[in-house]
1. Residue by residue through the stretch 75-91, note down the ones that are in contact with a Gly (Cβ under 9 Å, 6 or more places away or on another chain) and surrounded by 18 or more Cβ atoms within 10 Å (Cβ to Cβ).
2. If we scan the stretch 119-132, do we find a residue that is assigned to a strand (DSSP E or B), open to solvent by 40 Å² or more (accessible area, probe 1.4 Å) and either within 25 Å of Ala78 (Cβ to Cβ) or of a type in the set (A, V, I, L, M, F, W, C) (or both)?
3. Just checking, does the stretch 80-87 include any residue being in a strand (DSSP E or B) and either of a type in the set (A, V, I, L, M) or within 18 Å of the chain's Cα centre (by Cα) (or both)?
4. Report whether or not Ser44 is in contact (Cβ under 8 Å) with a residue 60 or more places away in the chain and touching a strand residue (DSSP E or B) at 6+ places or on another chain (Cβ under 7 Å).
5. Would you point out the residue of the stretch 67-79, among those that are of a type in the set (Gly, Ala, Ser) and part of a loop (DSSP other than H, G, I, E, B), that is farthest from Arg107 (Cα to Cα)?
6. Looking only at the stretch 12-66, count how many residues are in a strand (DSSP E or B), surrounded by 10 or more Cβ atoms within 10 Å (Cβ to Cβ) and not charged (D, E, K, R).
7. Which of (1) in contact (Cβ under 8 Å) with a residue 60 or more places away in the chain; (2) exposed (fewer than 12 other Cβ atoms within 10 Å of the Cβ) is the odd one out, the single condition Thr97 does not satisfy?
8. Considering only the stretch 21-51, how many residues are among the hydroxyl-bearing types (Ser, Thr, Tyr) and within 21 Å of Lys145 (Cα to Cα)?
Amino acid sequence: VDSQHRPLPGVTLRCGANSQRTDGDGRALLKGLEFGAEYAIKISGDALVPESRTIVAETETVEFMVAPGGRAEWPVFARDLAAIEEARVHWVKRQHTGREIATGVGRWDARQQVAVVQGLEAGTYEVHVTVPGYESLRSEQFSIKEHETVLLPSSSLETGRSVSGRVV
């Protein structure tokens, strides 16, 4: 359920190899759990901040209240007007000092030509898009809050090569 106790359909609950998605009423059944045993449950889904919870299987019903995440969309177009069929999308969360503190993967919506990142906790982020045959793009930094959707200004890709990496 969300913070207002509304059911959340389509949320994935994972316990080891056992994985179930919640139905329209926000319910899922994880079978084969041993009574009294402790289990780590991973919770993930669109527009949620992914998290893990530890439970002890002592009752038949467990209710999880999960934190809603923010979502950012970034329209990206090829300057040569070619349709972009596949792209790698990832996000970087930054401290106020600019230091990277977390990263994650987004998805490319080829039909809408939009990079989508979701399930973001409140903070400051940037989005990176990499498309074969084009220079990589990095969005400006933006701030996001829970439940918020941010639409970033559209950008266009230039043909060319790009190299990306990380120095640690």
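1. Those that are in contact with a Gly (Cβ under 9 Å, 6 or more places away or on another chain) and surrounded by 18 or more Cβ atoms within 10 Å (Cβ to Cβ): Val89, Trp91.
2. no
3. no
4. Details: in contact (Cβ under 8 Å) with a residue 60 or more places away in the chain: yes; touching a strand residue (DSSP E or B) at 6+ places or on another chain (Cβ under 7 Å): yes.
So Ser44 fits the description; yes.
5. Ala67
6. 15
7. Evaluating Thr97 over (1) in contact (Cβ under 8 Å) with a residue 60 or more places away in the chain; (2) exposed (fewer than 12 other Cβ atoms within 10 Å of the Cβ) leaves (1) as the failure.
8. The qualifying residues number 1.
The values are calculated or read from the model by the stated rules, or taken from the named source; none is laboratory data. Small disclaimer: the values here were computed from a predicted structure and weren't measured. Cβ: placed from backbone, ideal geometry, glycine included. Neighbour counts: every protein chain shown. Surface areas here come from the heavy atoms of the whole protein model, side chains and all, with no ligands, DNA or RNA. Shrake-Rupley method; radii C 1.70, N 1.55, O 1.52, S 1.80 Å.
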